[in-house]
1. Under 10 Å, Cα contacts only: if you run a Gaussian network model on the chain, which one of PHE147, PHE109, PHE263 comes out with the highest mean-square fluctuation?
2. Can you show me the helix-derived [θ] at 222 nm for the chain, built from DSSP H runs with n ≥ 4 at -39,500 (n - 2.57) apiece and divided by the number of residues, rounded to the nearest 500.
3. Could you tell me the center-to-center distance, by alpha carbons, between the stretch 1-53 and the stretch 185-203 in angstrom?
4. Over the chain, with a Gaussian network built from C-alpha contacts below 10 Å, which listed residue (MET137, MET128, MET242) shows the highest mean-square fluctuation?
5. If I take all pairs of Cα atoms in the stretch 136-273, what percentage of them are more than 27 Å from each other?
6. Counting each pair of different Cα atoms once, what's the Kirkwood radius of the stretch 2-272 in Å, rounded to one decimal?
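What follows is calculated from the coordinates using simple rules that are stated; it is not laboratory data. Note that the structure is predicted; figures quoted are calculated from it, not measured.
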Amino acid sequence: MKELLIRAISGAIYVALFLLLLPYETALIILFFVFGLICLAEFKKLIKLKSFFPYIIFALIYGAFGLIHHLISPIPGFNEAIQILHVITIFVQLLLIKDLFSEKTIPLFESKRFILTTFYLTSGFLFMILIAEYYVMFNPNILLGSFILVWVNDSFAYLIGKNFGKQKLFPSVSPKKTVEGFLGGLFFACIASAAIAKFSYTFKFSNWLILAIVISVFGTLGDLIESKFKRQANVKDSGVIMPGHGGLLDRLDSIIFAAPFIFLVIKMLNHVS
């Protein structure tokens with residue numbers, strides 16, 4: 001009971017901090033910058049990368065595409081640079097999905113460690129900010145809706161998997177995850193998309209429904225990939241900053257991995273609408 005209370009309190013503080021700063025673009029950019037540095041430190045430990053260089057890359061990419069673009073806009077060549085970064089990020093993430101299904105361990109040669117810190121973690125935080133800035137004017141409702149879908153998916157996947165799960169989803173990586181849990185999380189995320197469409201005044205229901213499916217699938221893959229990194233590192237959690245939850249990366253792994261795909265779907269929906 002005490003552990004559950006601690007978990008609830010630390011989770012509530014994390015959610016409250018996010019919701020409190022969400023309406024203020026500069027504050028949100030700074031919050032994600034701090035979150036990103038913490039997650040980067042945790043991830044570097046998982047992949048046994050001691051170099052300080054990933055912090056410099058994170059600061060440069062996040063600063064150039066996030067903060068500087070916010071302060072100085074428009075920037076010549078910004079959209080082209082984002083497109084290039086987006087393509088590389090999606091490619092790296094597809095390779096991670098391949099490694100998840102085809103490799104006993106994710107290869108972590110020296111250059112791949114730097115690639116992962118740049119195009120898996122750094123890009124994930126950047127695209128979270130770009131989701132909110134997609135329509136030039138800052139719109140936190142898109143980002144909030146994405147986070148809500150992640151939370152709904154994770155919560156109901158856990159509840160349904162714990163109470164009704166029988167068929168293991170990926171036992172070699174995460175023994176507790178079940179097919180029933182995944183389908184339950186997907187189902188309730190789709191239901192939540194209807195409420196988000198009604199109150200967010202951003203996308204119509206069909207668009208939020210597509211996003212719910214994308215977030216459930218790629219959020220779950222992101223969670224599994226981080227679990228595989230932890231299994232390779234022989235640790236239960238990525239860190240200890242959130243009592244009862246583990247590390248901050250443990251809480252954000254789904255949205256970090258899903259963010260570039262959310263951004264891709266938004267671009268596609270905007271193109272066809």
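1. Evaluated over the chain, the most mobile residue of the options is PHE109.
2. -24500 deg cm²/dmol
3. 25 Å
4. MET137
5. Counting every Cα pair in the stretch 136-273, those more than 27 Å apart make up 22 percent.
6. For the stretch 2-272, the Kirkwood estimate is 18.9 Å.
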